[in-house]
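Here you go, one structure.
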Amino acid sequence: MGRNSSNLKEKKRKKRLFTPPRAVKKRVDIDAEAIDFRNVELLKRFVTENGRILPRRITGLPAKLHRRLSKEIKKARNVLLMK
């Protein structure tokens, strides 16, 4: 019983050959004052072709800046500066 149980434990364990590489986040240096709903060229950098806001994991923005950016994008949409 002791030998069989240890063999089962060894079979259940899977060995990882390598650890997958982590994606390096791009640091975006944006001045906080530059984020404004009238600055459409800046806002377009963070929106897809379909008009969806890009997530933080893609843009590399900190959470606070991303929240502010999304609010400004929504303001620009309301004023019809953006789609």
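The values are calculated or read from the model by the stated rules, or taken from the named source; none is laboratory data. Because the structure is a prediction, the values reported are computed rather than measured. Because the Cβ atoms are built from the backbone with ideal geometry, glycine has one as well, and the counts that use them run over all protein chains shown.
Taking the options 16, 68, 3, name whichever one is among the basic types (Lys, Arg), outside any loop (DSSP other than H, G, I, E, B) and either surrounded by fewer than 10 Cβ atoms within 10 Å (Cβ to Cβ) or at pLDDT below 85 (or both).
Selected residue: 3, the only one of 16, 68, 3 that is among the basic types (Lys, Arg), outside any loop (DSSP other than H, G, I, E, B) and either surrounded by fewer than 10 Cβ atoms within 10 Å (Cβ to Cβ) or at pLDDT below 85 (or both).
Still on this model: Can you spot a residue in the range 31-39 that is outside any helix (DSSP H, G or I), surrounded by 15 or more Cβ atoms within 10 Å (Cβ to Cβ), out of contact with any Cys (no Cβ under 7 Å at 6 or more places or on another chain) and in contact (Cβ under 8 Å) with a residue 24 or more places away in the chain?
Yes, the range 31-39 contains a residue that is outside any helix (DSSP H, G or I), surrounded by 15 or more Cβ atoms within 10 Å (Cβ to Cβ), out of contact with any Cys (no Cβ under 7 Å at 6 or more places or on another chain) and in contact (Cβ under 8 Å) with a residue 24 or more places away in the chain.
While we're here: Which of the residues spanning the range 46-58 are at pLDDT below 95 and of a type in the set (Lys, Arg)?
Once the filter is applied, which keeps residues that are at pLDDT below 95 and of a type in the set (Lys, Arg), the range 46-58 yields 56, 57.
Moving on to the next point. Taking the range 59-80, which residues are under 22 Å from residue 27 (Cα atoms), in contact with a Phe, Trp or Tyr (Cβ under 9 Å, 6 or more places away or on another chain) and not basic (Lys, Arg)?
Those that are under 22 Å from residue 27 (Cα atoms), in contact with a Phe, Trp or Tyr (Cβ under 9 Å, 6 or more places away or on another chain) and not basic (Lys, Arg): 59, 61, 66, 69, 70, 72, 73.
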